[in-house]
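For reference, the structure is listed below as structure tokens.
Throughout, read-outs are computed from the coordinates displayed, never taken from laboratory work. Here the structure is a predicted model, which means the values were calculated and not measured. We place every Cβ from the backbone using ideal geometry, glycine too, and count neighbours over all the protein chains shown.
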């Protein structure tokens, strides 16, 4: 096949623009010319070299798997993850502007700026803050009892003690999590998602249908 040239790198860079995982060069028992090495650095093209073919292929496949995992993880991080909350009786600290009250996380994780939905499907707006033992925290996970604040609802009108609340998951996110990303959800997150989907389908029969 000859040495790996700058032209080989350029061609791989063109492929990389359309599919990054295929925009690589596999050099079997070949040298990488100096200008090709420089071009690979400039273009961000991965070059794999080995004098044993199956080691070469293994190295490439390992890299591809890691890149795929990184890509999926980045995509998954954009999703609003499902969660189910129970409003705790006796822990209403403020009724409105904002409403501040205690909840237990039955399943999933909540964070500030995550939207909530009431048991009747009413939009309750985004969580302003999550507090654990009086201190603001970045998230609260399954089993934790924390206080949350919301600007939109009025306690006693839109939310009541003992209510079950759900994180409001966009339909497009729900579809992907039910198919492509289901294995990335914890069992309690998947349970919360399925319950949320069933609630939504009472209003819209084929909501998040795949």
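Details
- Label zone at residue 207 (point 7 Å along Cα-to-Cβ), backbone N below 20 Å, the stretch 75-100: 79-87
- Put the Cα centre of the stretch 1-24 next to the Cα centre of the stretch 135-210 and the gap is 44 Å.
- 13 Å reach of a label modelled at residue 191, 7 Å along Cα-to-Cβ, counting backbone N of the stretch 142-184: 142-143
- Centre-to-centre, using Cα atoms only, the stretch 49-85 and the stretch 100-115 are separated by 31 Å.
- Helix 6-18 vs. the chain, principal-axis angle (Cα, 0 to 90°, nearest 10): 20
- Rounded FRET efficiency, nearest 0.05, which uses the C-beta distance separating residue 35 from residue 55 and R0 of 35 Å: 0.85
- Fraction of beta bridges assigned by DSSP in the chain that are antiparallel (%, nearest 5): 80
- Here is how the number arises for the chain: DSSP H runs of 4 or more residues each give -39500 (n - 2.57), the sum is divided by the residue count, and the result at 222 nm is -11000 deg cm²/dmol.
- Full-extension gain in nm, residue 138 to residue 122, via 0.36 nm per residue minus C-alpha separation: 3.3 nm
- Shape call, the stretch 6-74: gyration tensor on alpha carbons, a/c limit 1.5: oblate
- Taking all Cα pairs closer than 8 Å and separated by 6 or more residues, the relative contact order of the stretch 83-203 comes to 31 percent.
- Area projected by the alpha carbon convex hull of the stretch 1-118, averaged over all directions, nm²: 11.9
- Max mean-square fluctuation residue, GNM over the chain, Cα-Cα springs under 10 Å, options 166, 158, 55: 55
- D (Stokes-Einstein, µm²/s), Kirkwood Cα radius, the chain, 1.306 mPa s at 10 °C: 78
- Likely footprinting exposure, 39, 122, 69, fewest C-beta neighbours within 10 Å first: 69, 122, 39
- Per-selection Kirkwood Rh - the stretch 83-203 (Cα, Å, 1 d.p.): 14.4
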